[in-house]
Amino acid sequence: MLLRIFLLLTILTQTTLAFGQQQRLANTYHRDAFSLNGYWQYIVDPYENGYYNYRYEPFDQQSQPWASAFFLNSKPKDKTDLIEYDFDKMDSLSVPGDWNSQKENLFYYEGTVWYKKSFDFVKSDATNKVFLYFGAANYKAEVYFNGKKLGTHLGGFTPFQFEISELIKDQENHLILKVDNKRVKEGVPTLNTDWWNYGGITRAVKIIETPETFISKYLIQLAPNDHSIIKGNIQITGTQKANREVTIKIPELAIHQSMNTSDTGFGSFEISSSKIELWSPNTAKLYQVEIIAGKDTITDLIGFRTIKTKGTDILLNNKSIFLKGISIHEESPIRGGRANSMEDAEVLLGHAKSLGCNFVRLAHYPHNEHMIRAADKLGLLVWEEIPVYWTIAWDNEKTYANAQNQIAEVIERDRNRASVIIWSMANETPTSAARNVFLNKLAKFTRAKDNSRLISAALEQKNYKDDPFTRTISDPFAEVVDILSFNQYIGWYDGTIEKCQKINWKITQNKPVIISEFGAGAKFGLHGEKHERWTEEYQEYLYQETLKMLDQIEQLRGVSPWILMDFKSPRRVLPEIQDNFNRKGLISEKGEKKKAFFVLKEYYESKK
Ligand code: GCB
């Protein structure tokens, strides 16, 4: 009986870990870490043979899983033993990295791949805590460490971690992941998108060791209504969390202030300083900030700025700003495939800078942290977004919980980044009662989690009262957002380019407007007459006419055209033109600038 209860409990704890979060850890970026990047052995498992038995029951939910369960990393005990796999004889994949761009035979693969890494690790102090951190794995990751299941994580673009303090050994640890990128209807994103479904452990994996009592979370920012006050809060976790002294230092501002935490390990503070240099695209000033709590010290680079809207204006540091933006997919400009390095980030954002941008829309999912850190340094304002894209299963509670978890994970990662000013809830989602409930709830959750940034969503525009030349936004979610953003493709999916000259705008919301997308496909090097599809001239002409049309919108406060670079998409099959690329980039995937790049650059130069 006791054994049964134990087994039931084990099964319950395994299946209730819906999103696999145990303890979120702030600022893994600047903590000392033991990297698990590099080569990992892998097994491609389209039938999920290493996960299910022949009755299709998962091995990891059985009291005595068969040795052929891949997470056990079994070896034959002797020559009579039957084990039908061997990680150590397999080829390897590089982590971080997607499998599609690393192995030709996995280019179109959607399914399960198992990864294994073995390593030794000696704690520097026996009482320390040890966490296993994943920057991201697309899409569903089942994580096993030394034969035990740590949990499951859903969502391909946000970080997750597990505490392994009690499980880690000095030698021969094995970490095994089942990563499955099959698209599912109830997923976020769902079955249908316009980007490549790169699978794998796409971002860094590391081990982070902290003292037993450690800084788990902090928020340090400028007071919204007073530019001479830095305020924030700190959470420490562990047995010594109550009544602990916590110190904040910002040496450049001669700030050195201590406070005591509450019983729950929480402390808040306000520090005034008359010398704070504000962060902005022109002066991307970052201060070194140090937080000390007992044996734990964290350093971070933080910029101080405020962001708000007033009527139809976006105010950065209380001054109206026009967002000169560009949309970007997280695709490597160097190798192709998912971007995942600082070098990728610097090339992508460097292109945005050379275009004259002060703003980037990171579409359509949270990009890797290098992008945000680089944006902080380069002075680019950032729109971050979760993949609530097109036709999500609005009625499904698990889908909602998944979307909410993804926004929570990205907020926790990026809440101290000055560059991030907008949380976008969704892209081109069709209005319906269920969708409105879903998005309202998500926006409410996001505001409760971070009320210091603006909320938006890439909405759609419609004809005003059957007039095909008058456009309006009638989406009820427009009432919820701080910035009214919408995508429009007049001249590409919607009529000819000349139509742009006939459009009137009837935007009734008293809010700033951003055009989150417009664009046209062009193959670099293909020239012709300006009405000829796929030529650089067509794209150039569309940009000229669209920008004139958009300037008629009185409350226009920014644009982020679609898109910086050509990107891979299985929807784009036209031979010799698309060849699996969405060609709306201003720059080809090889880095060649198309004519429209210079039209936008000139427009941005004119918008001082
Ligand atoms: C859109 C989508 C974007 C597509 C783009 C296109 O409206 O938001 O994801 O890639 O159009 O090229 O059609």
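The values are calculated or read from the model by the stated rules, or taken from the named source; none is laboratory data. Note that the structure is a prediction, hence the values are computed from the model and not measured. Counting neighbours? That spans all protein chains shown, and the Cβs are built from the backbone with ideal geometry, glycine included. The accessibility values were calculated without ligands, DNA or RNA, using every heavy atom of the protein model including side chains. Shrake-Rupley method; radii C 1.70, N 1.55, O 1.52, S 1.80 Å.
Among the candidates A433, A375, the residue that is touching a strand residue (DSSP E or B) at 6+ places or on another chain (Cβ under 9 Å), away from the ligand (no atom under 16 Å from the Cβ) and modelled with pLDDT of 95 or more is uniquely A375.
Those residues that are open to solvent by 30 Å² or more (accessible area, probe 1.4 Å), among the hydrophobic types (A, V, I, L, M, F, W, C) and in contact with a Phe, Trp or Tyr (Cβ under 9 Å, 6 or more places away or on another chain), I need them from the stretch 528-549; list them, please. Selection gives nothing. Taken across the stretch 550-557, residues that are crowded, with 19+ Cβ neighbours inside 10 Å and in contact with an Asp or Glu (Cβ under 7 Å, 6 or more places away or on another chain) do occur, with at least one present.
Answer with yes or no whether T496 is away from the ligand (no atom under 16 Å from the Cβ) and among the hydroxyl-bearing types (S, T, Y).
Details: away from the ligand (no atom under 16 Å from the Cβ): yes; among the hydroxyl-bearing types (S, T, Y): yes.
Considered against the rule, which asks whether it is away from the ligand (no atom under 16 Å from the Cβ) and among the hydroxyl-bearing types (S, T, Y), T496 comes out as yes.
Within the stretch 221-237, if we keep just the residues that are of a type in the set (A, V, I, L, M) and touching a Lys or Arg at 6+ places or on another chain (Cβ under 8 Å), the residue that is surrounded by the fewest Cβ atoms within 10 Å (Cβ to Cβ) turns out to be A223.
Find the residue count for the stretch 367-383, including only residues that are closer than 16 Å to G303 by Cβ and in a strand (DSSP E or B).
The first filter runs over the stretch 367-383 and keeps only residues closer than 16 Å to G303 by Cβ, leaving 369, 371-382.
Next cut, in a strand (DSSP E or B) only: 381-382.
Residues that pass the stated criteria total 2.
Among residues of the stretch 592-608 that are open to solvent by 50 Å² or more (accessible area, probe 1.4 Å), those with a beta-carbon under 6 Å from a residue that is part of a helix (DSSP H, G or I) at least six positions away or on a different chain give the pairs K595/E536; K595/E540. Only one of the numbered conditions (1) open to solvent by less than 10 Å² (accessible area, probe 1.4 Å); (2) away from the ligand (no atom under 16 Å from the Cβ) is not met by F157, and that is (2).
Can you tell me which residue in the stretch 453-489 is nearest to the ligand (Cβ to nearest atom), limited to those that are in a loop (DSSP other than H, G, I, E, B) and surrounded by fewer than 16 Cβ atoms within 10 Å (Cβ to Cβ)?
Pass one, the stretch 453-489, residues in a loop (DSSP other than H, G, I, E, B): 453, 461, 465-466, 473-475, 480-483, 488-489.
Next, only the ones that are surrounded by fewer than 16 Cβ atoms within 10 Å (Cβ to Cβ) stay: 465-466, 474.
Values: K465: 24, D466: 23, S474: 18 Å.
Among them, the one singled out is S474.
Scanning the stretch 499-531 for residues that are part of a loop (DSSP other than H, G, I, E, B), among the charged types (D, E, K, R) and away from the ligand (no atom under 16 Å from the Cβ) yields K506, K511, E529, K530.
Among R335, R305, which is the only one that is within 18 Å of Q221 (Cβ to Cβ) and either open to solvent by 40 Å² or more (accessible area, probe 1.4 Å) or assigned to a loop (DSSP other than H, G, I, E, B) (or both)?
Working: R335 fails: within 18 Å of Q221 (Cβ to Cβ).
Of the residues listed, the single one that is within 18 Å of Q221 (Cβ to Cβ) and either open to solvent by 40 Å² or more (accessible area, probe 1.4 Å) or assigned to a loop (DSSP other than H, G, I, E, B) (or both) is R305.
Criterion first (open to solvent by 90 Å² or more (accessible area, probe 1.4 Å), in the same structural domain as T158 (by TED's automatic domain parsing) and modelled with pLDDT of 95 or more) does T16 satisfy it? Taking the combined requirement at face value, the residue does not satisfy it.
Just one of the numbered conditions (1) under 19 Å from T193 (Cα atoms); (2) among the basic types (K, R); (3) open to solvent by 30 Å² or more (accessible area, probe 1.4 Å) is not true of K353: (1). If you go through the stretch 178-204 and pick out every residue that is within 16 Å of the ligand (Cβ to nearest atom) and farther than 18 Å from R571 by Cβ, you end up with 1.
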